[in-house]
1. Would it be correct to say that Met511 is surrounded by 20 or more Cβ atoms within 10 Å (Cβ to Cβ) and either farther than 30 Å from Pro712 by Cβ or not assigned by TED's automatic domain parsing to the domain that holds Thr710 (or both)?
2. Looking at the range 863-889 only, could you name the residues that are crowded, with 18+ Cβ neighbours inside 10 Å and under 27 Å from Ser741 (Cα atoms)?
3. Determine whether Pro96 is of a type outside the set (D, E, K, R), under 26 Å from Leu862 (Cβ atoms) and part of a loop (DSSP other than H, G, I, E, B).
4. On the given criteria, is Trp44 more than 25 Å from Gly503 (Cβ to Cβ) and loosely packed, with under 14 Cβ neighbours inside 10 Å?
5. For the range 622-639, does any single residue satisfy the condition of being touching a helix residue (DSSP H, G or I) at 6+ places or on another chain (Cβ under 6 Å), of a type in the set (Asp, Glu) and under 30 Å from Pro566 (Cα atoms)?
6. Could you count how many residues in the range 174-217 are modelled with pLDDT of 90 or more and part of a helix (DSSP H, G or I)?
7. Taking the condition of being among the hydroxyl-bearing types (Ser, Thr, Tyr) and out of contact with any strand residue (DSSP E or B) (no Cβ under 9 Å at 6 or more places or on another chain), how many residues in the range 854-911 meet it?
Amino acid sequence: MTGTLRRSLEELHRSSRQDLPSLCNVLVQINDTPVWVSQQGGRWQLRVRSLSNTVNAFIAVHKAPGETGLDLKYTKTSASLLAMFDEVPLRRLLSPGEIALVQAEPRHSSDGELFLNVQAILLLRPFQTFGRIQVDYESRCARKSYLSVTKGVGTKPPDTLHMGSVGGMVAHEVFSRLAQQENRRADTPEEIFAHALGSETVGSLVFLGLKSPEDMKAALRPGLDVQEVITRSEALRRFLASDQWAPESDVLNNGIVVAPDLLGRKHVAELKYIRPGSDYDDADKQRGQIEAYLAWAMVEYGLPEVCSEWKGLLVQLHPQVDEAQRVRTLQAQPELIGGRLLKRHRLLALTNGAWLPAPNPDECNQCEFSDKALRGEEQQAAPACTFHCQMERGWECYTPPPGRACPLIDKCDQYNRFVAFERLDQFNRLRADLLDEEEERAAISQIIEALTGREGGEATGLVLGGLKVLEHKPSTLKVELPPRLQVLDFAHRDEVFELLCEGRAAGLVRMHKRRGRDQMTLSEIHSSMRPLATGTLVALRAVPEWRVSPRDQLRYLDLVQRHDEPPMSLRSGARRDRLPACTELASIEQLSPEAQLVLIDAPGRSALRTAAQKVLDWMRSSGTGRILVVDAIEGLQPAQEFADLSDLSLSEAFHADTLPVAERLRALVDGIQGKRVWCVPREQLTGIRLSTLVESLGRFSDVIIIGAETFPLLAIHRCLALGKRVTLVGQASASGPRAESLQARQSELYQNTLRLLLEAGPSIFPAQVEQVEIVRLPAVHGCAGSDRIFKFKGIQRVSRLEPHPCAAPEEGPEASTQARVQGEIELTRFVPLSLHQVQKRHVIVEVLPSERNSVRHLKELLKGITARSIERMNIMAKGHLDTALLGERVRIVDIQQSTVSASPGTEHRVTLRVPHDRFPFIQERLFTSRTEVEELLAFAKQRPQEQFHVTSPFFAQCLLISQLAMEKEIPNVIVVPLEHLGWKRPGGDRNLLVSTVVTRSNPGYPYPMNDLGRLIELFTGDYAEVHLFSSKEALTHHPVLLRLTSPRL
């Protein structure tokens, strides 16, 4: 949300009547239920407050804006917006605690109240995103919406990498380059080509070249065609001069993922390189894309401005297109956004199980959900719509007279089939875990937004400010780091941040390169940023890095269920009853070529690096064919035999060359083909590129997964499809894939894959695997006793562990503090009063810090509250604990009671507060101990001849150490957050200094000190000495610290 319309409630309250903006976008938190007010033509009124909880206002949705007497600039409220309030299931979503983005005309009433008068745009949960196709098409059908949102059924056919698709990308990028270029005649066609191709397009061209050099060469032809068409097309030249264009951007992503090819100051443009009359030449779909871009531009830039001044342009680039059809224009209409917001609102209600009307036979168009797919992994699966209908939703085959039969009754036999309910329950439990995780992540995004601009955002490192722009070129930004970040290794290569300029989001950037201590180069990701002047101060806002998507997992579960397989078994195929032979070996050198699956447990990242190198050396010496390495780590040798196939590396090599474009690409392809080891990031594993290569070149001889502890178990089938042998190298003692909700962390889907395979054994190994070999290695380095605590096989070189007890809070000022993170997420439930009850209550309760239930689970608990459970509460019990209301422990904050007339519509209200600091993602950025920092830095300063790495489980502590190290001018420390510790070899002879921060459990230790698998890196690093700075209380009570520092235990 980056538009100039953005305002805060605090700004609006400070403004006088004359200074109020005519229109603004405001993020608010709903504070009450919608109320109908009959005066002034009638309106729905909704009390809201600012995210900082400091000021209040009202949302007003008028039935007849002309009768309000407010001189509003609109005369008609969107019918779709009124429908959100008129339909009871949809209105219930507008409950206290929800976050909404509203576009409103602000007005002060005579008594000083602030009213936000909304014409059309009220966007609930702007941090929960849906795809454009989901909103525009899937939402039309109740079944399709349910299956795609809740069941994860795939809505897109499998893509292919072919000359036409890549050629379209080339045409888009060349034209986009020309649209942005001020002097378009300065460059030759070859120079335009060289500068136009972005990293994704270069990557696709290279993979296409690996499949077929002729196809790669042909895919470049559209780029030349586009340049030739421009020279003879007056319409295209007028288009290029009509606006200042920026490439596709995420600037319109407000609760939806939508990206126009080009975005101007008054235009959105979609580029098409489609031959007229082909199967892809669908005028209705193309028009729908433009309408969607205009609609979501209204959210960002204002409905009145977009409707009056903006245009949507469909630009046809193919040489065979008639000149009269080259550029088509579409005018924006207010109803474009209203209907889409209503559809999105219904999808939100669907995720809560609150809105799912019976299917309408007239809306069924016999889509791909009603029949088997023609290709891909869904080919043998049962049709999604009929399969899930009777089994899980209970849609009726016939509706009572005068109703009609289900349109799929002739295709469906579910009503006549037996269902294994135990298996069904297991699938639904796993789906619930994934939906828990998805909602938890949306809540964290909401918290990050709320903390931006507050003291807590800087203190926790959610916002890293004070960066000075040194140079801003297209797609590249060079910045100077402030002193407090200069000794902090806070980002790894390719890590994504949101760039903030003047407190507002300006686009996504990726960490590209660190130059010395004080400079960093960032690359833009789909950003439409205007050039930033040298000296401009910017900030980086954290973007949570979750590499295992709940949506991907949901889709896999759906396929497994429709294939009639058990959910957590990899055993599919004809030989389910034949278990593979498992052999445990003493070393990597004993591996045999016959095994199809190899599991290597290497405790600690230093051991993992060593094991990965040994595996590669063994494979190279054994004379196997081409090797695919997933998530290769730095330092693998010999570097000259490795080909990095990531988009970023391929793009760097492409742009560093000076040959003609075709020759550069051919040289890249030849260089890759001449190397045996191909490296790809994990994100490419499920894409179409590797599938295309395997179809044309055959399977890889080996696929190596590095860091297998966080690798999704469900992706192993994919690896076996790509390679003849799959080797997993990881840490069985470490934590599994990152999950935020407790339910997801306990789910089988988010367990350490390597550990799960080692423990479950042959019962879940894939059926096509006949032989499995297992190697358990000792840690290369480790503190004495760490092997017993973390349960791995021994230590080669013991690191000396020296504890340094520090003052507890009562022994020194500011010894242990928590960064100031105030606020909470509020969940609300309304319950009708009991019969003859005249005392209405508003009960406010708070989740205890020790309770770890997910947001979604808490919402389910709220649904079980009864009027009796509210009315029996003692009104004097403020501050006490209660377990009867929710069935879980909560603290009673307040009970407000009022006498009302006994009427059917009167309801009790229960507000459940979920503090921000209970979320693990926030907890690991909260805690600091200045006492430990002072003692740690004093220790380092006394040994100037030594070099130290410094770390802490808490990012706020790492920030504080970095800041004080620069202030005290201590040059021999580099601060490495726990997340990055161990991935690089320590330069020179360094020792490790650890600050644990925590003191007492009270009643449980905060994350990550309560996660054994996350702490293993502190004690298995490549260091001769580990110095542990911790409070005396933590050293004697924390189970890991106590056992490591007490040899007798």
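The values are calculated or read from the model by the stated rules, or taken from the named source; none is laboratory data. Every value quoted in this text rests on a predicted model; they were computed, and no experiment measured them. A quick note on method: Cβ atoms are made from the backbone with ideal geometry, for glycine too, and the neighbour counts reach across all protein chains shown.
1. Spelling it out, it is not the case that Met511 is surrounded by 20 or more Cβ atoms within 10 Å (Cβ to Cβ) and either farther than 30 Å from Pro712 by Cβ or not assigned by TED's automatic domain parsing to the domain that holds Thr710 (or both).
2. Ile865, Leu885, Leu886
3. yes
4. Answer is no for this residue.
5. Yes - at least one qualifying residue is present in the range 622-639.
6. Looking only at that region, the number is 18.
7. Residues that pass the stated criteria total 3.
So that you can scan it fast, the table gives a plain yes or no per residue for (1) among the acidic types (Asp, Glu); (2) over 34 Å from the mean Cα position of the chain (by Cα):
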residue	(1), (2)
Glu846	yes, no
Ser850	no, no
Asn853	no, no
Leu862	no, no
Ser869	no, yes
Asn874	no, yes
His880	no, yes
Ala884	no, yes
